[in-house]
Amino acid sequence: MTSLPPARDPRRATATAALLVLGSCISLQFGAALAYQLFPAVGAWGMTTLRLGLAAIVLLLVVRPRVRGWTRSQWLATAAFGAALAGMNGFFYWGISTVPLGPAVAIEFLGPLVLTAVLSRGIREWAWLIPAMIGMGLFAVDHLRGVSHLDPLGLVFILVAGLFWALYILASERAGRKVEGAGGLAVAVTIAAVLVAPFGLSSAVPAVVAEPSLLLLALPAALLASVIPYSLEFAALRRLPKPVFGILLSLEPAVAATAGFLLLGQGMSVLGACAVALVVVASIGSTLGARTPKRPREEVAVAA
């Protein structure tokens, strides 16, 4: 009788997925800081179009998705994923044209926070939301004190981006179940690029034609802010429950504040530092307290 190989350690799988999310956070926010520098030349939507367009080209060349045999369900899941990507990117970059990167990501995180609260089934998950919410509230205190300026219209765009971020988490997880490999991601990013193109091509194309060197900044921004983070998140979502994945993303305000300071010269007050610390505590707590759902013994044997 052939013995079954040992089952994978759920805790090790969770830790690996957490590292994927952390890598995504770092890549995404430093890529966003790079993309921010394109605003004067192409504008927010032009930069979003350039970044997603280049990311789509790279992913299509690398992944070469085989879509000929896709079912209607697979196409619908991937289209929803692409629409969420388009809305999340377009409104977020429109927002950070007037709101500093660190506070913007903290405010945008309201979307995943609400999603996490809705999906949560235990007291521990709710408890770790409290320090994260307090941390984000401290950014608002800084605004009221006049330490930082949060443009009202920019805040609206960031909140809309937060809604699309929550939809992105749901849609990407569903697309990951429907489509094997990274083909779903490549097609979704392509769909997102097509959806934002009408808003950004008119500013992006003339700017690149007049100054082709802009591509030297746009390409690494596309890799760091799209290709790498979305690939890592796509892989992590296949290993983590959605509530745990959502709250792990609370690391992003901390990373965004660091990227904004190092690359954009956007300073951070004492209250801002406290906000970052609270968000990090919430992230660590959610990771350590994450519970892996138990599976029947037969299912574990088959999966192994």
Q: For residue 179, list long-range residues whose amide hydrogen, built 1.01 Å from N in the peptide plane, is under 5 Å from its own amide hydrogen.
A: none
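Compare the peptides 60-73, 85-98, 193-206, 176-189 by average per-residue count of other Cβ atoms within 10 angstrom and give them in order, highest first.
On the way: 60-73: 11.6, 85-98: 24.2, 193-206: 18.1, 176-189: 21.7.
Sorting 60-73, 85-98, 193-206, 176-189 by mean packing, highest first, produces 85-98, 176-189, 193-206, 60-73.
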Q. Using a simple spin-label model with points 7 Å from Cα along the Cα→Cβ vector, what separation in nm is obtained for residue 143 and residue 263?
A. 2.3
**Q.** In order through segment 126-142: 3J(HN,Hα) via Karplus (6.51 cos²θ - 1.76 cosθ + 1.60), integer Hz, x for Gly, Pro
**A.** 5, 4, 6, 6, 5, x, 5, 5, 4, x, 5, x, 5, 5, 5, 4, 4
Q: First measure r as the distance between the Cβ atoms of residue 153 and residue 123, then evaluate 1/(1 + (r/R0)^6) with R0 = 35 Å and state the FRET efficiency to the nearest 0.05.
A: 0.40
Q) Between residue 60 and residue 15, what length in nm is gained on full extension when 0.36 nm per residue of separation is reduced by their alpha carbon distance? A) 13.3 nm
**Q.** Additional length obtainable on full extension of the chain from residue 217 to residue 201, 0.36 nm per residue less Cα span
**A.** 4.0 nm
Q.
Could you tell me the relative contact order of segment 10-303? Use alpha-carbon pairs under 8 Å, at least six residues apart, and round to a whole percent.
A. 40
Q | Integer Hz, Karplus 6.51/-1.76/1.60 couplings in order for segment 266-278, x for Gly and Pro | A | 8, x, 9, 7, 4, 4, x, 5, 5, 4, 4, 4, 5
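Taken together, the values in this text are just the output of simple stated rules run on the coordinates, not laboratory data. Being a predicted model, the structure only gives us computed values, none of them experimental. Using ideal geometry, Cβ is built from the backbone for each residue, glycine included, and neighbour counts are taken over all protein chains shown.
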